[in-house]
């Protein structure tokens, strides 16, 4: 996987992954994450996650609906978490390979483009 800017990532579409490819290395993941603000490695470098504190419950749900639309359009689906009614997080990894692929960084970059009403 080559390291890409946010602009390059958002212009791509996730490609189907049925396994049989190696996940990106920890070093590749760390380097690519430098391009994505607020995302962090989790699960021993096998996933990426970002958290937000929405203004209220409906702002969180609206954000999740926008995430769902982008994810469905790309055919790559994140785990969406809602805690304490407005603490939202998105977690990405490519299930078929048990780690990170370019698709995860593409979707993360696209999710970062979505509006969310944040608590001030």
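Laboratory data are not the source of any read-out in this text; all were calculated from the coordinates shown. This one's a predicted model, so the numbers in the text were calculated from it and none came from an experiment. Because the Cβ atoms are built from the backbone with ideal geometry, glycine has one as well, and the counts that use them run over all protein chains shown.
What full-extension length gain, to one decimal in nm, is calculated for residue 66 and residue 37 as 0.36 nm per residue of separation minus the Cα-Cα distance?
Numbers: separation 29, 0.36 × 29 = 10.44 nm, distance 1.88 nm.
Taking residue 66 through residue 37 to full extension adds about 8.6 nm, to one decimal.
Over the Cα atoms of the chain, what radius of gyration and what Dmax do you get, in Å?
13.9, 45
For region 4-44, rounded, prolate or oblate, judged on the Cα gyration tensor with a ≥ b ≥ c (square roots of eigenvalues), a/c < 1.5 rounded, else prolate if a/b > b/c? It would help to have the intermediate numbers written out before the result.
Working: a/c = 2.08, a/b = 1.09, b/c = 1.91.
The shape class here is oblate.
Computed FRET efficiency, Cβ-Cβ of residue 56 and residue 8, R0 30 Å: what is it to the nearest 0.05? Don't skip to the answer; put the middle values down first.
On the way: r = 34 Å, r/R0 = 1.15.
The computed FRET efficiency comes out at 0.30.
Taking the Cβ of each residue in 66, 7 as the centre, tally the other Cβ atoms inside 10 Å and list the residues starting with the fewest.
With the sparsest Cβ surroundings first, the list reads 7, 66.
Relative to the longest principal Cα axis of the chain, at what angle does helix 102-112 sit, 0 to 90 degrees, rounded to 10?
Its long axis makes an angle of about 20 degrees.
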